[in-house]
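A quick write-up on the structure given underneath.
The values are calculated or read from the model by the stated rules, or taken from the named source; none is laboratory data. Note that this is a predicted model, so its numbers are computed, not measured. Virtual Cβ from ideal backbone geometry, glycine too; neighbours counted across all protein chains shown.
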Amino acid sequence: MGNRTNRGRDKFKRYKWILVVLSFFYGLFPLSVKKRLLEHHRNTLGNLGYALRFCLLKAISKGCGDNVSIAPGVYIFNPHNLIVGNNVSIHPMCYLECGPFEESYIRIDDDVSIAHGTTLICTSHTYSHETIKTIKDMPIDFKPIHICNNVWIGAKSTVLCGVIINSGCVIGANSVVTKTTEKDGIYVGTPAKRIKERK
């Protein structure tokens, strides 16, 4: 694991100047074009796919650090409201839905690993209203998500809007995080509960 991580970081350092130039080039395009290109390269395989997704995200997002790995099959909605730090890996078939408004962002800090099939969603349907009767027509809430430094989110987990996952946490596979976590906790289940402290 450590060797593979180091190889990725070394490769990024080696080709960083190319990625910076390509990101600058993409930055000249209109936002709508950049978003379409990111969608187009969602499933592009190999090093080329990783490079193109990184450069496009860097050109679109509120902020994108170094050595960010976005695997094939990752869906990112409203990427202009995404903030990503350094050394972040987002594995295949993840679903990141930022809200359309500036306050409904997803922020992922440094040294975060998000395993395959994970969902981060900044929107939530309300289910009761004084005058609206049909559930599908009820208002939508928009709240940010913040994943702090040094966090591992296990496969097929879900993080709901308004949640902060504090630094040092591990979220077990198939967990649903509905509330803000405490630092250095291991959380599992639906809804996710702290079962112990990570030593």
More than 18 Å from Val170 (Cα to Cα), modelled with pLDDT of 95 or more and in contact with a helix residue (DSSP H, G or I) (Cβ under 6 Å, 6 or more places away or on another chain) - does that describe any residue in the stretch 85-97?
no
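Restricted to the stretch 101-154, and to residues that are of a type in the set (Asp, Glu) and under 14 Å from Asn78 (Cβ atoms), which residue is surrounded by the most Cβ atoms within 10 Å (Cβ to Cβ)? Lay out the reasoning, then the answer.
Taking the stretch 101-154 as the starting set, the residues that turn out to be of a type in the set (Asp, Glu) are 102-103, 109-111, 130, 137, 141.
Next cut, under 14 Å from Asn78 (Cβ atoms) only: 102-103.
Details: Glu102: 12, Glu103: 10.
By that ranking, first place goes to Glu102.
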Taking the stretch 48-66 and keeping residues farther than 21 Å from Gly117 by Cα and of a type outside the set (A, V, I, L, M, F, W, C) leaves Lys58, Ser61, Lys62, Gly63, Gly65, Asp66
Does Leu38 qualify as being more than 21 Å from the chain's Cα centre (by Cα), under 26 Å from Met93 (Cα atoms) and crowded, with 18+ Cβ neighbours inside 10 Å?
no
Subset of the stretch 51-74 [within 15 Å of Val21 (Cα to Cα) and under 12 Å from the mean Cα position of the chain (by Cα)]
Leu57, Cys64
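Could you check the stretch 153-199 and list, in sequence order, the residues that are of a type in the set (A, V, I, L, M), in a strand (DSSP E or B) and farther than 20 Å from Glu97 by Cβ? Steps first, answer last, please.
Let us first name the residues in the stretch 153-199 that are of a type in the set (A, V, I, L, M), namely 153, 155, 159-160, 163-165, 170-171, 173, 176-177, 186, 188, 192, 195.
Now restrict to residues that are in a strand (DSSP E or B): 153, 159, 164-165, 170-171, 176-177, 186, 188, 195.
Listed by number, the residues that qualify are Val170, Ile186, Val188, Ile195.
Please find, among Ile70, Ile90, Ile106, the residue that is β-branched (Val, Ile, Thr) and in contact with a Phe, Trp or Tyr (Cβ under 9 Å, 6 or more places away or on another chain). Break it down stepwise before answering.
Numbers: Ile90 fails: in contact with a Phe, Trp or Tyr (Cβ under 9 Å, 6 or more places away or on another chain); Ile106 fails: in contact with a Phe, Trp or Tyr (Cβ under 9 Å, 6 or more places away or on another chain).
Result of the check over Ile70, Ile90, Ile106: Ile70.
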Within the stretch 115-139, track down each residue that is within 27 Å of the chain's Cα centre (by Cα) and modelled with pLDDT under 85.
His125, Thr126, Tyr127, Lys136, Met138, Pro139
When the stretch 13-32 is examined, which residues are found to be surrounded by 11 or more Cβ atoms within 10 Å (Cβ to Cβ) and polar (S, T, N, Q)?
Ser23
If you go through the stretch 71-97, how many residues are free of Cβ contacts under 8 Å to residues at least 60 places away in the same chain, within 24 Å of Phe25 (Cβ to Cβ) and assigned to a loop (DSSP other than H, G, I, E, B)?
5
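Looking at the stretch 42-70 only, could you name the residues that are outside any helix (DSSP H, G or I), surrounded by 19 or more Cβ atoms within 10 Å (Cβ to Cβ) and not polar (S, T, N, Q)?
Kept after step one, since they are outside any helix (DSSP H, G or I), are these residues of the stretch 42-70: 42-45, 61-70.
Those left that are additionally surrounded by 19 or more Cβ atoms within 10 Å (Cβ to Cβ): 61, 64, 67-68, 70.
Across the stretch 42-70, the qualifying residues are Cys64, Val68, Ile70.
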Considering only the stretch 133-152, state which residues are touching a residue at least 24 places away in the same chain (Cβ under 8 Å) and either hydrophobic (A, V, I, L, M, F, W, C) or more than 24 Å from Pro100 (Cβ to Cβ) (or both).
Phe142, Ile145, Ile147, Cys148, Asn149, Asn150, Val151, Trp152
